[in-house]
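What follows is a set of notes on a single structure, which appears directly below.
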Amino acid sequence: YQGATPIVAVDGTVAEEALLARLAEVTAGRQRIWHLTFDETPSDPHGLIAQHLRAQATLAEERKLDGMKVERFDLSPEARFAPAQPQAATHLRLGERIELHGYDWVQSELAADKPLKLRLYWRASGPIEADYTVFLHLIGPDGGVYGQRDAMPGGGDAATSHWAVGQTVLDEHEIALAPDAPAGEYTLSVGLYDWRTGERLPMFDEGGQQLPENRLVISGLDLKGAP
């Protein structure tokens, strides 16, 4: 290739912050980029480069050649390569190597005909060998459980043992409300457990204090009664 477009290397094995800073640098002022990957020299083993390009740009064309894939991305003026930031920060640690940085409400209105939708922001501070399950319990005003979801992150597509160190994992869940749920104030409990034993991962706050029942409790949910 002898064209005028510069060719630069982006290392997908570095920490997410460094990767995003590099992507911001090489895409600055550009409306279009080509992403080249090579089978013999994988530089994006965890798919972080591809993940962020697809989040901030539009895949316009893709070609597969002998030992190489070429993707053309169109960048919008609003493209911003920066770590994802939750609306509600938590800064919790689970076990030794998992962090829960916060959450967003995708759908926070509590109603019998629509599920709650919550996006969690996980991060691994080191390699994780086991696959843990996320639990979400919707607790009613009488202490009963009126909604529950137990699932691996990403519905199984983002198992904890596959997390790259330093990567922010966005994990969205839906929790349906039971038909017999009474009106009143609700809380949502969130945590992780080992599906093989049922044991919850210990959860610690920013000061190192262990949280009761090893769970994050989100309050402020209200289910109104019939008019």
Inset, instruction - Would you calculate a helix-derived [θ] at 222 nm for the chain, using -39,500 (n - 2.57) for each DSSP H run of n ≥ 4 and dividing by the full residue count, to the nearest 500? - result: -3000 deg cm²/dmol
Inset, instruction - Run the dipole for the stretch 55-214 about the Cα centre, Lys and Arg Cβ at +1, Asp and Glu Cβ at -1, nothing else charged, and hand back the magnitude in debye, nearest 20. - result: 380 debye
Inset, instruction - Would you mind giving the three semi-axes, in whole Å and largest first, of the ellipsoid equivalent to the stretch 1-125 according to its Cα gyration tensor? - result: 33, 18, 14
Inset, instruction - Divide, for the stretch 12-60, the radius of gyration over alpha carbons by 2.2 N^0.38 Å, where N is the residue count. - result: 1.13
Legend entry - For the chain, the longest site-free run once chymotrypsin sites (Phe, Trp or Tyr not before Pro) in DSSP loop states with at most 14 other Cβ atoms within 10 Å are removed: 2-194
Inset, instruction - Of the options Leu110, Ala21, Leu138, report the single residue whose Cα projects farthest towards the positive end of the charge dipole of the chain (beta-carbon charges: Lys, Arg +1; Asp, Glu -1). - result: Ala21
Legend entry - Degrees separating the helix 16-27 axis from the principal Cα axis of the chain, which is the longest one: 40 degrees
Legend entry - Hz values of 3J(HN,Hα) by residue in the stretch 124-136 - Karplus curve (6.51, -1.76, 1.60), Gly and Pro given as x: 9, 8, x, x, 10, 8, 9, 9, 9, 9, 7, 10, 9
Inset, instruction - Mind grabbing the accessible area of Arg215 for me, 1.4 Å probe, Å², rounded to tens? - result: 60 Å²
Legend entry - P(r), alpha carbons of the stretch 74-149 - 10 Å bins starting at zero, rounded %: 14, 35, 33, 16, 3, 0
Legend entry - Charge dipole of the chain about the Cα centre (unit charges at C-beta), most positive-ward option of Ile128, Ile49, Ser189: Ile49
Legend entry - Cα-only radius of gyration and Dmax that characterise the chain, units Å: 20.9, 72
Legend entry - the stretch 119-227: GluC sites (Glu not before Pro) in DSSP coil with no more than 11 other Cβ atoms inside 10 Å: Glu129, Glu199, Glu206
Legend entry - Shape parameters for the stretch 96-204, alpha-carbon atoms, Rg then Dmax in Å: 14.5, 43
Inset, instruction - Could you estimate the translational diffusion coefficient of the stretch 159-227 from the Stokes-Einstein equation, with Rh from the Kirkwood formula over C-alpha pairs, at 25 °C and 0.890 mPa s, in whole µm²/s? - result: 161 µm²/s
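The values are calculated or read from the model by the stated rules, or taken from the named source; none is laboratory data. Since the structure is predicted, the reported quantities are computational estimates derived from the model, not experimental observations. Positions of Cβ are backbone-derived with ideal geometry, glycine not excepted, and every protein chain shown enters the neighbour counts. All accessible areas refer to the heavy atoms of the entire protein, side chains included, with ligands and DNA or RNA removed. Shrake-Rupley method; radii C 1.70, N 1.55, O 1.52, S 1.80 Å.
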